[in-house]
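The values are calculated or read from the model by the stated rules, or taken from the named source; none is laboratory data. Treat the numbers as computed from the prediction; the structure is a model and nothing was measured. Every residue, glycine as well, gets a Cβ built from its backbone with ideal geometry; the counts of neighbours run over all protein chains shown. These accessible areas exclude ligands, DNA and RNA; they are computed on the full protein's heavy atoms, side chains included. Shrake-Rupley method; radii C 1.70, N 1.55, O 1.52, S 1.80 Å.
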Amino acid sequence: MNKSIYVLFLVFICYACNRSEEQMESGPRTKLTLDLVDSILVEELSPLVIDDYLESTGHFLMRGTRSRKPYLVNDNGLVLKEYDILNDGPDGIGPNGAFGYGFLDQDRWVAQGMFNGYHIFDCEGRKVNYLEPIQLGIFAMSIYSYRTFFRSFTKSGKGVIIGQEQNLFDPKSIEKEKIQTPEYYEKVKTVFAYALENGQLDLLETYPEDWTPRKMGEFVGQSQPIVAYHRRLHEMAILPTLGNQLFIYDFSKADPELKTVVELSHRFRPDGLPGPGHNVEGYSDYPNFTDIRYVGERILVEFKTKIPIDILTQLRAKSEQYHTLPEFKEALETFVKPYYMVVENGSQIGVVDGLPVHGALDFADEDGYIYVNDNLEPEVERNYTIFYKLNFSDLD
């Protein structure tokens with residue numbers, strides 16, 4: 001009798017464990033996988049990154065990472081145009097190039113010049129329009145290898161640029177003693193919509209009222225948000241880099257309307273906001289969000305883990321030039337890793353622990369593909385540029 005009860009107890013435990021695993025697999029931390037489905041080879045020695053892709057034409061806008069020159073490339077990797085616009089001529093944007101490039105529609109594309117406005121070109125490389133710079137000054141400057149600061153598109157037949165410009169805010173506009181207070185989040189608006197036809201600039205809510213630090217009246221740093229836009233759905237996503245909230249807006253009308261607030265979670269991200277334990281002598285090991293992309297109708301959110309504070313403190317004690325130490329490079333390889341959370345229909349449906357190929361997240365398109373770039377730090381030296389094309393095979 002006792003033996004039978006013991007067997008039944010074991011069966012119950014196994015059943016409960018299996019049920020627990022099934023529930024975990026169907027929750028927000030379900031482990032999802034990305035599969036390599038194709039690659040795009042471009043016969044270009046200079047490293048390229050993808051700034052934009054237009055699904056209706058199968059064309060990419062790529063950017064030389066050294067030259068900042070734009071290239072029009074088809075989805076077979078053939079360079080259709082190498083645009084000569086890095087000059088002061090009538091069809092130029094200046095010798096410094098652009099922060100990034102984006103399609104406006106099938107016939108036009110946009111270059112965000114280096115603090116000199118938005119230049120509109122046709123597909124032959126002729127400048128057809130121009131929008132004045134919007135920054136109030138140059139108070140800060142950020143340049144990313146794989147991210148642009150805007151998304152351009154056509155809505156109701158009119159050209160629009162949606163983006164984030166950190167220089168839309170003059171720090172002097174807030175009194176010095178209040179610059180690091182919650183009042184910052186109420187006053188600062190650096191997300192914008194810029195109309196091509198009439199040049200109207202609308203400043204949009206940058207730190208939503210329901211974002212935890214603003215709601216709790218707690219200042220946690222600037223946490224400038226990352227913005228993504230889905231052209232076909234006319235949906236906008238705003239992701240403050242601190243905290244665990246993603247804000248999704250319906251932008252089909254004149255003004256964005258908040259649809260959903262998604263609570264994000266991952267085993268390598270703290271549930272709360274960064275506290276004193278995450279910051280020592282100006283260094284924080286809090287894993288900020290680093291990117292957001294629409295992948296089809298899903299949203300991919302990226303963050304990266306950092307070198308723990310105690311490890312970095314030990315490295316700093318060894319040398320003021322600790323960045324050059326072999327131990328620092330080893331720590332980077334050991335601790336700094338990308339992780340991803342996947343959102344669908346307003347909820348987190350899973351996580352992706354790293355990419356299946358060498359390289360970095362470069363781009364994602366509205367057809368549901370992710371592009372990984374291995375050209376800036378290639379695993380193998382080569383005389384061409386390659387992009388790996390991935391998708392979620394377990395979700396389609």
* Scanning for something at pLDDT 95 or above, among the polar types (S, T, N, Q) and surrounded by 14 or more Cβ atoms within 10 Å (Cβ to Cβ), does the range 82-99 turn up at least one residue? -> no
* Quick one: in the range 216-230, of everything that is within 16 Å of the chain's Cα centre (by Cα) and open to solvent by 20 Å² or more (accessible area, probe 1.4 Å), which residue is nearest to I248 (Cα to Cα)? => V227
* Structure fact -> Checked G282, G243 against criteria (of a type in the set (G, A, S), open to solvent by less than 30 Å² (accessible area, probe 1.4 Å) and within 25 Å of S145 (Cα to Cα)); the one match is G243
* Asked: Hey, among F289, F335, which residue is under 30 Å from Y369 (Cβ atoms), surrounded by fewer than 18 Cβ atoms within 10 Å (Cβ to Cβ) and of a type outside the set (A, V, I, L, M)?
  -> F335
* Condition met for T212 (among the hydroxyl-bearing types (S, T, Y), open to solvent by 10 Å² or more (accessible area, probe 1.4 Å) and in contact with a strand residue (DSSP E or B) (Cβ under 9 Å, 6 or more places away or on another chain)) -> yes
* To do: Could you run through the range 105-122 and say how many residues are closer than 23 Å to H230 by Cβ, surrounded by fewer than 22 Cβ atoms within 10 Å (Cβ to Cβ) and not β-branched (V, I, T)?
  => 4
* Asked: Among the numbered criteria (1) among the small types (G, A, S); (2) open to solvent by less than 40 Å² (accessible area, probe 1.4 Å); (3) farther than 30 Å from S252 by Cα, which single criterion is violated by G159?
  -> (3)
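G346 - would you say it is at pLDDT 95 or above, at positive phi and touching a strand residue (DSSP E or B) at 6+ places or on another chain (Cβ under 6 Å)?
Working: at pLDDT 95 or above: yes; at positive phi: yes; touching a strand residue (DSSP E or B) at 6+ places or on another chain (Cβ under 6 Å): yes.
Yes: the conditions hold for G346.
What are the residues in the range 41-65 that are hydrophobic (A, V, I, L, M, F, W, C) and either in contact (Cβ under 8 Å) with a residue 60 or more places away in the chain or open to solvent by less than 10 Å² (accessible area, probe 1.4 Å) (or both), if any?
Of the residues in the range 41-65, the ones hydrophobic (A, V, I, L, M, F, W, C) are 41-42, 45, 48-50, 54, 60-62.
Residues satisfying the conditions are L41, V42, L45, L48, V49, I50, F60, L61, M62.
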* Taking the residues in the range 166-209 that are open to solvent by 30 Å² or more (accessible area, probe 1.4 Å) and hydroxyl-bearing (S, T, Y) as candidates, determine which candidate is farthest from G137 (Cα to Cα). => T181
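Conditions (1) over 19 Å from H230 (Cα atoms); (2) touching a residue at least 60 places away in the same chain (Cβ under 8 Å), marked per residue:
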position	(1), (2)
E333	yes, no
Y339	yes, yes
H358	yes, no
Y369	no, yes
* To do: For the range 254-279, enumerate the residues that are under 30 Å from E320 (Cα atoms), open to solvent by 80 Å² or more (accessible area, probe 1.4 Å) and within 21 Å of the chain's Cα centre (by Cα).
  => F268
* Structure fact -> Among residues of the range 377-394 being in contact (Cβ under 8 Å) with a residue 40 or more places away in the chain and surrounded by fewer than 16 Cβ atoms within 10 Å (Cβ to Cβ), the residue farthest from E302 (Cα to Cα) is N383
* Structure fact -> Those strands (runs of 3 or more DSSP E) completely within the range 173-273 that have 2 or more residues that are within 21 Å of Y294 (Cβ to Cβ) and at pLDDT 95 or above are 191-195, 226-230, 235-239, 245-250, 257-263
* Restricting the search to the range 292-316, which residues are free of Cβ contacts under 8 Å to residues at least 24 places away in the same chain and either open to solvent by less than 30 Å² (accessible area, probe 1.4 Å) or in contact with a Cys (Cβ under 7 Å, 6 or more places away or on another chain) (or both)? -> L315
* Structure fact -> Over the range 336-350, the set of residues closer than 16 Å to D394 by Cα, among the aliphatic types (A, V, I, L, M) and touching a Ser or Thr at 6+ places or on another chain (Cβ under 7 Å) is I349
